[in-house]
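Here is the structure we will look at.
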Amino acid sequence: MAAGLVVVIACSSGDGSGVPTPTASLPPTPAPTSTPAPTATPPTPERTVADVVRDVRDSVVLILADIGTGISTGSGVIYSEDGLILTNQHVINGALKIRVVIPDPDGGPDTVLDAEILGMDADVDLAVIKISGGPYKPAKFGSVSDVELGESVIALGFPLPDVTGGSLTVTEGIVSSKRNDGVREIIQHQASVNPGNSGGPLVSRDGKIVGLNTYVLRRARNDVGVEGFNIAIAIDEAVKRLTDLEGGNLMRPPGEARVLVNEKHGFSVTLADGWDELFQTEDAIHAIQNSTSGFFSIVVDREAGPFATQDEWAQYWRDAGALGLEGRTVTHSEVTQHDDGRQIWTFHESYQRDGIPFQAIERFFFSEGTPTRVYFEARESSFEEARIGFDAMFESIGPA
């Protein structure tokens, strides 16, 4: 064997004859079968605001309530084929006659029908009225749980018909808060609303009614101007009361006095005719009159301590409130002595909001050592009418 040459012989088991035993061959590996790729499902296109409006607009109506001294306007939503309409109680409160306007979506003549009140709940500010005829297109009710914070919602209604000509108005904004205001579940949102939107629907992107637009808060506890506090009653509050509202079980007897009581500070105020409770806090009572855009509040001031005199305290709030909001002008001021001995500081103001002239009265007084602020405002065109109720409510302020 030559040096350096290595021969390797493969050995297999056999019969010793030297003939290799055949080895069975393996079957060929089948070629892999290709798996077809799944067909992609096209995404569902997001519904636009216009889509939602097309779904809902035929169910939204303008409400005209004749209260004797003028016409109170608001909005409502049809929720049954036979003409049941949900709205705010303050829209139709005190009405001698109610008419419902159903706009023609194609621009033709509007349909105007008389309506009757079936039931009202003044505490929650809900009402059901009914029109004849039909069938009508009913709106679909959802739930406050259908919308999350930051989710888009849409407000429909008929604000300021003297400005808009009674045409449907649509605005959009996000949900800012969902909470209980001490009386009911509410949705705070950023969709712009104005007088006349009351009773109109707040709608989710899937076209369901999640709330009923009710009021706008423009002044905070310390008379600070605020924005974006557009409040809708959660539709759940209406749904659980519909049977009673439709049957008139929640109707307040005519002429029944409505006395609002602040338990913490032990004072009360009697609402004047045409005025309704808006909401309460631990230190305040707020009321509205929809027909005049009237707003009334009485607030117990817990921050009077830093002021050395009553005059200094009143002057501070006069400057902070009257001069610090909306470019207001103080047109008249006086200090008077009330029959019960209270010294009262009164300031008359004028200003414009969204181009509409308003007037206001602020009064400051101490009652048994407790500093109290009373505020009243209304559109200039109906200020004197609204002031009748304000004066009556101011005189009614007393111990609970």
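Only the coordinates and a few stated rules stand behind these numbers; no lab work does. All values derive from a computational prediction rather than experimental measurement. A quick note on method: Cβ atoms are made from the backbone with ideal geometry, for glycine too, and the neighbour counts reach across all protein chains shown.
Numbers for the structure displayed
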item	result
Cβ-derived FRET efficiency at R0 45 Å, Glu148 paired with Leu113, nearest 0.05	0.75
Karplus-derived HN-Hα couplings along segment 59-69 (A = 6.51, B = -1.76, C = 1.60, θ = phi - 60°), whole Hz, x at Gly and Pro	9, 9, 10, 8, 10, 10, 10, 7, 9, x, 9
Whichever lysines have a C-alpha closer than 18 Å to that of Lys137, once near sequence neighbours (fewer than 8 apart) are set aside	Lys208
Segment Ser381-Gln310, extension gain: residue separation times 0.36 nm, minus the distance between their alpha carbons	22.2 nm
Ranking of Lys140, Lys130 by count of other Cβ atoms within 10 Å, fewest first	Lys140, Lys130
When each of Lys130/Lys264; Lys97/Lys140; Lys97/Lys178; Lys140/Lys178; Lys97/Lys264 is checked by Cα-Cα distance, pairs over 32 Å	Lys130/Lys264; Lys97/Lys178; Lys97/Lys264
Theoretical FRET efficiency, 1/(1+(r/R0)^6), r = Cβ-Cβ of Ser396 and Thr243, R0 25 Å, to 0.05	0.15
Relative packing of 66-77, 160-171, 91-102, which averages over residues the other C-beta atoms within 10 Å, highest first	66-77, 91-102, 160-171
Ordering of 54-63, 202-211 by burial proxy (mean other Cβ atoms within 10 Å per residue, highest first)	202-211, 54-63
